[in-house]
Amino acid sequence: MTPRTPDPPDTPRTPGPPDGPRAPNPPGSPPRTPVPPPPYVPGHGLLAGRTAVVTAAAGAGIGGATARRLLEEGARVLVSDTHTRRLAQAEADLAAEFGAGRVAAQPCDVTDETQVQALYDTAVRLHGGLDVLVHNAGLGGTAELADMTDDQWHRVLDVTLTGTMRCTRAALRHFRDAHNIQGLQRAQGVRRTGVIVNNASVVGWRAQAGQAHYAAAKAGVMALTRCAAVEAAAYGVRVNAVAPSLALHPHLVKVTSAELLQELTAREAFGRHAEPWEVANVIVLLASDYTSYMTGETVSVSSRHP
């Protein structure tokens, strides 16, 4: 069986492949010349004074890059992860750069409802409310459906889909309660709005052997995002998702062969993988007021939308 690649870094756990087979170029065409990434974009204060929570943010992938971008845009950030050592290091590194008053950390396993609720309660206790929630935790893996066990199926779904549901549900409960209080606050010129950004994947649109559990979970995240957006609109809350393709980071390099990474990279429109911060930029855009009339959407951060 042909080896598969791990999914982009939407998780600190075992990732899964990013997308299905696709010819890198039209038959007979020369190899695509990679287009280098643009210069790193500086912050513009898009989220100044807001409070953000990011799950699965202790690694060097999309979660960690998103936490940094949120801080660069002026937000206060509570990072979470299941890996306590890496989480403590991430907190220390970010606090040294952005100030201890703007960075906090709390371990959280998204399969545990008590830990999820405690995470959001901590954000409210520290900063008086929530503004931006980035649900990045997920779990991948490769198994042909005929050989897949119930445990393999349930583990991927519990983290990737149900974990995202638990986090989204906790956030919506907070926003619903806050919306009732804001009726009084608006009369005093005070208003907090909310934004939820979920991390899906292009594999949620595409068929790929060995990825029935992961593709189903990511497609579920997209559907969850759409339905939650309809309900959240009543509270003035927006819910969107990103669908990355191949975003390279050190952990992905360790668990994937150089040959397979080269093959997958050649399929990308720019002839290269995405940098995690390029996905984080789209998350920041969705969290900002520039997308104030956008909700229920899944944005493909690649050329891989079907």
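The values are calculated or read from the model by the stated rules, or taken from the named source; none is laboratory data. Since we're looking at a predicted model, the values are computed, not measured. Cβ atoms come from the backbone with ideal geometry, glycine included; neighbour counts cover every protein chain shown. Heads up: the accessible areas ignore ligands, DNA and RNA and are worked out on the full protein's heavy atoms, side chains in. Shrake-Rupley method; radii C 1.70, N 1.55, O 1.52, S 1.80 Å.
The heavy atoms of residue 126 offer some 80 square angstrom of accessible surface to a 1.4 angstrom probe. Can you figure out the FRET efficiency of residue 180 with residue 96, using R₀ = 41 Å and their beta-carbon distance, to the nearest 0.05? Efficiency computed from Cβ-Cβ geometry: 0.55.
Cβ-Cβ distance of residue 305 and residue 147, R₀ of 22 Å, FRET efficiency by 1/(1 + (r/R0)^6): the value works out to about 0.15. When the solvent-accessible area of the range 75-170 is split by element, carbon and sulfur atoms take up 51 percent of it, the probe being 1.4 Å.
Applying 1/(1 + (r/R0)^6) with r as the Cβ-Cβ distance of residue 207 and residue 169 and R0 = 30 angstrom yields a FRET efficiency of 0.55. For the range 137-150, putting each phi into the Karplus relation 6.51 cos²θ - 1.76 cosθ + 1.60 with θ = phi - 60° gives couplings of 5, x, 9, x, x, 10, 7, 5, 4, 4, 9, 6, 8, 4 Hz, in residue order, rounded to whole numbers and with x for Gly and Pro. Once both labels are positioned 7 Å from their Cα atoms along Cα-to-Cβ, the gap between residue 40 and residue 83 label points is 2.0 nm. Take the alpha carbon atoms of the range 149-180, find their center, do the same for the range 100-130, and report the distance between the two centers in whole angstrom. Going from one Cα centre to the other spans 15 Å.
Scanning residues 5 or more positions from residue 239 or on other chains, those with amide H under 5 Å from its amide H are 196, 296, with H placed 1.01 Å from N in the peptide plane. The figure for residue 150 is an accessible area of roughly 110 square angstrom, using a 1.4 Å probe on the protein chains alone. Close amide-amide hydrogen proximity is noted between residue 139 and 160, each under 5 Å apart and 5 or more residues distant or on a separate chain (H modeled in the peptide plane; Pro and chain starts excluded). Given a 1.4 Å probe and the protein chains as shown, residue 238 ends up with an accessible area of around 20 Å².
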